[in-house]
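Derivation of every value follows stated rules applied to the coordinates shown; laboratory data play no part. Treat the numbers as computed from the prediction; the structure is a model and nothing was measured. Positions of Cβ are generated from backbone atoms using ideal geometry, with glycine treated the same way; all protein chains shown enter the neighbour counts.
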Amino acid sequence: MSATWLNLGIDYKAQVVLGKTARVEFTVRLYTNVHTPGVTDTAGSYTECTLVGYAAVATVPANWAGSTSGGLATYVQTTLTFTFAPYAGGVTIQGYYVTIPGPIGVLAALLSVPYAVPAGGGTLTLDITYQDQGF
């Protein structure tokens, strides 16, 4: 699942690199509307999951591991786990989006296979990769 950087995310990244703004933590959120991420999207383009048991997950800087080679930095976040309590059924997770406080959308991706949350509840795990060839 390849993530799309949103314009606001690209601007935020540039401002951090240039020292114009302080770095803040990313929060990963799951969305349920059928929507293909685009660069002009905002956080409002996505309908965040509201199922009982679900909670957005803040990334931890120490949990990113990776390296840079050939001008491409590639880092992977430790597997993120999202849990859902039993419910009436019928909700499908289409993808994830990443925000910074505001909330401001930074990047988003469709799941390679949408996750139909079982009525009995369930768990979804994500491995998020960050790649950058900027500057």
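On full extension of the chain, what length is gained from V17 through A73, given 0.36 nm per residue of separation minus the C-alpha to C-alpha distance?
Numbers: separation 56, 0.36 × 56 = 20.16 nm, distance 1.43 nm.
Contour length minus Cα-Cα distance gives 18.7 nm.
For the Cα atoms of the chain, what angle does the longest principal axis make with the long axis of helix 7-17, in degrees from 0 to 90, nearest 10?
On a 0 to 90 degree scale, this one is about 40.
In 5 Å bins starting at zero, report the fraction of Cα pairs in the stretch 75-131 per bin as a rounded %.
Values per bin, smallest distances first: 5, 15, 23, 24, 19, 11, 4, 1.
What order, most packed first, do the peptides 67-75, 30-38, 103-111 have when packing is the mean number of other Cβ atoms within 10 Å of each residue?
Details: 67-75: 10.2, 30-38: 16.8, 103-111: 20.2.
Top of the packing list down: 103-111, 30-38, 67-75.
Compute the semi-axes of the equivalent ellipsoid of the chain, taking the square root of 5 times each eigenvalue of the Cα gyration tensor, and list them largest first in whole Å.
Taking √(5λ) for each eigenvalue gives 27, 16, 14 Å, largest first.
Determine ³J(HN,Hα), in whole Hz, for all residues of the stretch 55-67 in sequence, where each value follows from phi through the Karplus function 6.51 cos²θ - 1.76 cosθ + 1.60 and θ = phi - 60°; x replaces Gly and Pro.
8, 4, 10, 7, 6, 10, x, 5, 8, 8, 10, x, 7
Quick check on packing: order 87-100, 11-24 by the mean number of other C-beta atoms within 10 Å, highest mean leading.
For the peptides 87-100, 11-24, the packing ranking is 87-100, 11-24.
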